[in-house]
Amino acid sequence: MTEAEREKYSMINFEETELRLGLPLSGGEAESTLKNTCAVFNGKRVFSETSTTTVDLKLNLSSTSNTVSADVAKDNATAANSTAPPPSPARANDPAKPPAKAQVVGWPPVRSFRKNIVSNVQRSNKKEEGEKGASTSGSNNGAAFVKVSMDGAPYLRKVDLKMYKSYQELSDALAKMFSSFTTIDKCGSQGMKDFMNETKLIDLLNGSDYVPTYEDKDGDWMLVGDVPWEMFVESCKRLRIMKGSEAIGLAPRAVEKCKSRS
Amino acid sequence: MNYFPDEVIEHIFDYVVSHRDRNALSLVCKSWYRIERFTRQRVFIGNCYSITPERLIQRFPGLKSLTLKGKPHFADFSLVPYDWGGFLCPWIEALAKSRVGLEELRLKRMVVSDESLELLSRSFTHFKSLVLVSCEGFTTDGLAAIAANCRFLRELDLQENEVEDHKGQWLSCFPDSCTSLVSLNFACLKGEVSLGALERLVARSPNLKSLKLNRSVPLDALQRIMMRAPQLADLGIGSFVHDPDSEAYIRLKNTILKCKSITSLSGFLEVAPHCLAAIYPICPNLTSLNLSYAAGIQGSELIKLIRHCGKLQRLWIMDCIGDKGLGVVAMTCKDLQELRVFPSAPYGNPAAVTEKGLVAISMGCPKLHSLLYFCHQMTNAALITVAKNCPNFIRFRLCILEALKPDPDTLEPLDEGFGAIVQSCRRLRRLSLSGQLTDQVFLYIGMYAEQLEMLSIAFAGESDKGMLYVLNGCKKLRKLEIRDCPFGNMALLTDVGKYETMRSLWMSSCEVTVGACKLLAKKMPRLNVEIFNENEQEDCSLEDGQRVEKMYLYRTLAGKRKDAPEYVWTL
């Protein structure tokens with residue numbers, strides 16, 4: 001396999017986009033995750049300051065509990081208000097250590113009816129904006145704006161794919177964009193080698209790390225990195241950085257591709 | 001004992017209307033009990049499982065109006081599994097079989113089937129009023145039956161129900177002879193209605209005072225409807241989106257100018273901000289404004305709107321109004337009595353409200369007595385100030401979105417703040433706590449909250465003492481709901497008799513064990529102690545030492561209920 005091909009086929013670096021925090025689902029779904037990093041989402045521009053002072057993002061997300069209550073994983077994360085005395089409750093419902101993957105049902109206490117109405121309106125507002133955006137960029141050959149969502153982020157971003165010449169560049173840009181949510185570990189070539197390594201890919205995909213996927217012209221969700229860059233730019237309609245475990249269905253294809261390439 | 005003939009006493013009893021007063025009357029002596037029960041027309045049953053329909057009918061044969069509540073309050077937040085209970089059917093069946101001339105039915109958190117609506121519609125010739133709040137289980141077919149068969153229907157009020165839309169024409173089922181409607185609210189329905197049928201219905205309902213449309217009713221239809229019903233006092237707008245230069249919009253603006261009797265406005269389920277100016281002319285008359293579903297409106301537009309609403313007594317709004325906007329409310333709405341501020345996103349809007357907004361409100365609106373406030377943070381100092389400014393609180397529900405969050409200024413728990421509230425507001429009946437709280441707050445509540453009837457606690461407290469302070473101190477406590485607190489068996493079992501003085505107790509994700517619940521159930525036969533066992537495993541038997549995930553207990557004269565699903569274990 002040539003260097004150029006490797007370049008073309010390089011995935012967005014897993015290490016870079018490795019996210020280790022159980023965050024609320026995007027898209028205005030009704031479930032909410034209890035976390036103490038609400039401060040992080042207080043302002044669109046604020047989280048880069050607060051994220052480092054709030055939660056240590058190295059939570060172990062391997063627990064796949066979907067417990068209904070706030071079954072908080074005890075870990076070594078520092079408390080959100082690190083100067084505050086540790087919250088008193090003896091039991092493990094301490095959101096200073098947010099639940100790894102568990103979501104706190106029923107918090108905040110807003111009637112599901114109300115939550116659904118509001119999130120539907122917001123979704124349709126976003127859609128309207130998105131459509132407006134798409135129509136203007138569709139007619140404009142210069143730009144290829146697509147929406148980028150990351151599971152857990154409170155809002156979406158848009159990138160112009162034509163600004164980048166390779167997956168690596170896109171990966172860098174996305175990492176910067178969502179850096180406030182992530183521990184960025186620019187592993188560069190090591191990461192790429194890791195990706196090409198089948199076992200590492202599976203490990204990463206099996207874990208709760210994040211995986212970039214995209215929706216193509218046919219409406220199918222694909223793993224980023226399979227096709228040559230130019231083809232990708234032409235066919236990509238939107239990007240989604242999925243939680244690794246949800247990308248399992250996509251993984252076998254990628255694994256097969258790995259096998260065939262190496 | 002009685003110096004007056006029964007007729008005189010009956011006549012006197014006519015003036016006694018409230019349920020509690022009536023209940024008190026019935027306890028005076030046997031003959032008053034007898035007279036009271038035959039003259040009683042309105043009955044309120046706060047927990048549908050506390051009594052059987054048969055017993056109700058037997059005691060109150062003259063029943064005309066029945067209010068029933070089903071699921072526990074925390075069902076609103078998805079904490080109660082599906083099909084837990086609260087079925088209307090047995091009630092309707094029993095009432096239909098009897099000779100009760102039911103005229104009014106008000107339900108909250110009940111499971112209502114189309115069949116029961118159909119039976120209801122056919123069984124009571126003088127049925128006048130159906131109010132469903134947070135119910136589920138029915139479709140528009142059930143509504144069609146009500147529309148078609150209740151010849152003297154005055155009120156059909158659907159609030160926040162989950163209704164399956166069968167795309168039938170339920171509105172068209174109101175016969176031409178139906179001219180008695182006073183109140184129609186279908187805002188929660190998701191599907192389309194026949195606009196023609198709606199307009200004709202409005203046209204032939206001269207007594208229509210309250211009309212709340214759903215999202216499918218567009219602005220031009222709204223205009224035509226308002227033309228036909230200038231007497232409307234309470235309007236819920238469905239869709240409020242239109243090109244501001246269009247004929248339809250201009251027509252609407254003119255029509256609105258004619259609707260001087262509207263005092264209550266709600267809805268805006270779909271709204272374009274530029275259309276809001278059209279309602280400015282009626283704002284000065286409004287006493288009630290509910291914009292809590294209007295997710296399309298920004299804070300600045302809300303503020304512009306509020307400036308016109310000098311007479312508001314009730315305001316439901318989203319937190320995008322911001323602290324600054326609440327300052328405007330405080331300056332403008334001097335008669336404000338009830339305020340609800342809802343989060344616009346699961347964790348609120350970035351520009352949302354904090355303690356500052358609440359303090360501003362408390363300074364500007366001394367008549368405030370009911371509050372529901374979702375905010376990002378709260379301080380003890382702010383709560384103390386609010387307590388001083390507004391001693392008249394009856395309902396005080398504060399939800400700091402981030403659980404366990406302390407006072408951001410002092411990093412202390414919010415015990416002192418809430419303590420100030422209960423100490424100052426002697427008439428407080430309902431309280432919801434949030435933020436970081438120790439046992440101290442419960443000590444204050446037990447000491448000062450003498451009128452407290454309902455208390456909601458989440459992620460609070462340190463030990464059993466907290467819960468005990470409340471159980472011992474709050475003599476009038478009726479409903480206690482607790483989630484994710486370190487309260488355990490000692491707190492649960494110390495005063496078992498207390499629960500018979502209350503309607504219900506909910507405890508989820510606390511420290512109580514199966515054994516303690518069993519013991520409680522054994523000691524108190526007139527309580528139903530329900531444990532929800534949601535484990536998938538069939539062979540999971542309840543060991544005494546096992547922690548209980550969800551427990552709901554309530555006093556009852558009906559014994560163990562027969563309609564409980566498999567996961568509910570009544571001990």
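Every number here is computed from the coordinates shown, using simple stated rules; none is lab data. All values reported here derive from a predicted model rather than from experimental measurement. Every residue, glycine as well, gets a Cβ built from its backbone with ideal geometry; the counts of neighbours run over all protein chains shown.
Evaluate the relative contact order of chain B (contact order divided by residue number), counting alpha-carbon pairs under 8 angstrom at least 6 apart; express in whole percent.
6 percent
Per 0.36 nm of contour for each residue apart, how much would the distance between B:GLN231 and B:ALA94 grow if the chain were fully extended, relative to their Cα-Cα spacing?
Result: 45.4 nm gained on full extension.
Can you tell me how much longer the chain between B:LEU27 and B:PHE152 gets when fully stretched, taken as 0.36 nm per residue apart minus their C-alpha distance, in nm with one decimal?
Once the chain is fully extended between B:LEU27 and B:PHE152, it gains 41.4 nm.
Given the Cα-Cα distance of B:ALA277 and B:ILE12 and 0.36 nm per residue of separation, how much length would full extension add, in nm?
90.3 nm
Consider all pairwise Cα distances in segment B:1-40 and report the whole-number % of them above 14 Å.
36 percent
I need the P(r) histogram for chain B: all alpha carbon pairs, bin width 20 Å from 0 out to the longest distance, whole percents.
With a bin width of 20 Å, the distribution comes to 19, 49, 31, 1.
I want the local charge near B:ASP323. Using Cβ-Cβ distances under 9 Å, sum +1 for each Lys or Arg and -1 for each Asp or Glu among the other residues.
Surrounding charge for B:ASP323 is +1.
What is the mean number of Cβ atoms from other protein chains located within 10 Å of the Cβ atom of each residue in peptide B:73-81, rounded to a whole number?
4
If you average the sequence gap of Cα pairs under 8 Å that are 6 or more apart and divide by the length of segment B:1-87, what percent do you get for the contact order?
For segment B:1-87, the relative contact order is 23 percent.
Across 5 Å bins from 0, what is the distribution of all Cα-Cα pair distances for segment B:412-571, in whole percents?
P(r) for segment B:412-571, in whole percents per bin: 2, 9, 19, 22, 19, 13, 9, 5, 2, 1, 0.
Can you list the residues of segment B:291-332 with backbone N under 14 Å from a point 7 Å past the Cα of B:VAL241, pointing along Cα to Cβ?
Correct set: B:294-297.
Rounded to the nearest 500, what is the 222 nm mean residue ellipticity of chain B from helices alone, with -39500 (n - 2.57) per DSSP H run of 4+ residues and division by all residues?
Helix-only estimate at 222 nm: -9000 deg cm²/dmol.
When each pair of different Cα atoms in segment B:44-208 is counted once in the 1/r mean, what is the Kirkwood radius in angstroms, to one decimal?
Every distinct Cα pair counted, the radius reaches 16.2 Å.
Under unit Cβ charges (Lys, Arg +1; Asp, Glu -1), what dipole magnitude, rounded to 20 debye, does segment B:403-473 have relative to its Cα centre?
About 380 debye.
Let me confirm one metric for peptide B:268-275, namely the mean number of other chain beta-carbon atoms within 10 Å of its residues' beta-carbons.
Going residue by residue through B:268-275 and averaging, the value is 1.
Inside 10 Å of the C-beta atoms of B:333-343, what's the mean count of C-beta atoms belonging to other chains?
Taking the mean over all residues of the peptide, I get 1.
What are the semi-axes of the equivalent ellipsoid for segment B:304-401, taken as the square roots of 5 times the Cα gyration tensor eigenvalues, largest first, in whole Å?
18, 16, 11
Under a crude label model (7 Å from the Cα following the beta-carbon direction), how far is B:LYS475 from B:ASN254 in nanometres?
6.5 nm
Let me check against my output: what whole-number percent is the relative contact order of segment B:44-208, with C-alpha pairs under 8 Å and at least 6 apart?
16 percent
Too long at a 26 Å Cα-Cα cut-off: which of A:LYS237/B:LYS167; B:LYS190/B:LYS405; B:LYS465/B:LYS523; B:LYS304/B:LYS334; A:LYS162/A:LYS217?
In this structure, A:LYS237/B:LYS167; B:LYS190/B:LYS405 exceed 26 Å between Cα atoms.
Measure up A:LYS115/B:LYS209; B:LYS128/B:LYS479; B:LYS71/B:LYS560 against 23 Å on the Cα-Cα distance and list the ones that go over.
A:LYS115/B:LYS209; B:LYS128/B:LYS479
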